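Visitor: Handing you a structure now.
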Amino acid sequence: MNLAIGSDHAGFEAKQELIPFLTNEGHTVIDLGCNSADSVDYPDFAVMVAKSVQSGESDLGILICGTGIGMSITANKVLGIRAALCTSIAHAELSRQHNNANILCLGARLQSAQEQMDITLAFLNAEFEGQRHARRVDKIHDLTGC
Ligand code: RB5
C-alpha cells in the first residue's frame, strides 16, 4: 500500500521508528514530516497527510502527535477523511471494519513503540466490512456533502 505518514515534534521519534517497520512490511511510505524534534504545529502535518489520502496519492494515512487527539480532530476537518485515534488493537481493527477509517492516529506519549507497531499492523491488515456499515459511513459524509 501507499501510506502517508506525518507527525509533530512529540511524534517525530515514533514516526522515524515506524517508517522502516512499514517499509519492511512491504509498504511504500510517503513521509510528510516533521523532520526533527523541534517544536511544530500538529495541524500543518495532519492536513498534509489528510490531503494525500483525500487525493488518492495515498491509500491510507498515519498521524502521530503526543496524544493523537489534535491530529484526529484536524484530519477529520478534511472532506472524505475518517481519522480514528486508536489506543488498542481492537480499536484499530474495528475502525477499519466498521468505520472504514482511512487515517490512523497514534499518541506517542501514551503508547509504547511496540503498541504503536501492533496497532498499526492491525489497522493495515483489517478490511472494511461494508453492508450496514457502508450505510452508516455514508450518513457521516452526507453531513458535508462528500
Ligand atoms: C504537543 O505538545 C502536543 O500538544 C501535541 O503533540 C498533541 O498531543 C496534541 O493533541
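Visitor: With Ser7, Ser36 as the choices, which residue is within 15 Å of the ligand (Cβ to nearest atom) and touching a strand residue (DSSP E or B) at 6+ places or on another chain (Cβ under 6 Å)?
Guide: Among Ser7, Ser36, only Ser7 is within 15 Å of the ligand (Cβ to nearest atom) and touching a strand residue (DSSP E or B) at 6+ places or on another chain (Cβ under 6 Å).
Visitor: In addition: For region 16-51, which positions are part of a helix (DSSP H, G or I), without any contact (Cβ under 8 Å) to a residue 60 or more places away in the chain and either within 14 Å of the chain's Cα centre (by Cα) or closer than 24 Å to Gly80 by Cα (or both)?
Guide: Once the filter is applied, which keeps residues that are part of a helix (DSSP H, G or I), without any contact (Cβ under 8 Å) to a residue 60 or more places away in the chain and either within 14 Å of the chain's Cα centre (by Cα) or closer than 24 Å to Gly80 by Cα (or both), region 16-51 yields Ile19, Tyr42, Pro43, Asp44, Phe45, Ala46, Val47, Met48, Val49, Ala50, Lys51.
Visitor: For Asn100, all conditions in the list (1) surrounded by 15 or more Cβ atoms within 10 Å (Cβ to Cβ); (2) away from the ligand (no atom under 14 Å from the Cβ); (3) on the phi < 0 side of the Ramachandran plot; (4) part of a loop (DSSP other than H, G, I, E, B) hold save one; what is the number of the exception?
Guide: Condition (3) is where Asn100 drops out.
Visitor: If you don't mind, there's one more thing I want to ask. Within 16 Å of the ligand (Cβ to nearest atom), charged (D, E, K, R) and surrounded by 15 or more Cβ atoms within 10 Å (Cβ to Cβ): which single residue out of Lys51, Lys77, Lys15 fits that description?
Guide: Numbers: Lys51 fails: within 16 Å of the ligand (Cβ to nearest atom); Lys77 fails: surrounded by 15 or more Cβ atoms within 10 Å (Cβ to Cβ).
Just a single option satisfies the conditions, and that option is Lys15.
Visitor: Going residue by residue through region 54-63, is there one that turns out to be in contact with a Gly (Cβ under 6 Å, 6 or more places away or on another chain) and within 16 Å of the ligand (Cβ to nearest atom)?
Guide: In the first step, residues of region 54-63 are kept if they are in contact with a Gly (Cβ under 6 Å, 6 or more places away or on another chain); the result is 54, 63.
Still in the list and also within 16 Å of the ligand (Cβ to nearest atom): 63.
Yes, region 54-63 has at least one match.
Rule-based calculations on the coordinates, nothing more; no lab input. Quantities reported herein were computed from a predicted structural model and do not represent experimental measurements. Glycine gets a Cβ as well: all are built from the backbone with ideal geometry, and neighbour counts include every protein chain shown.
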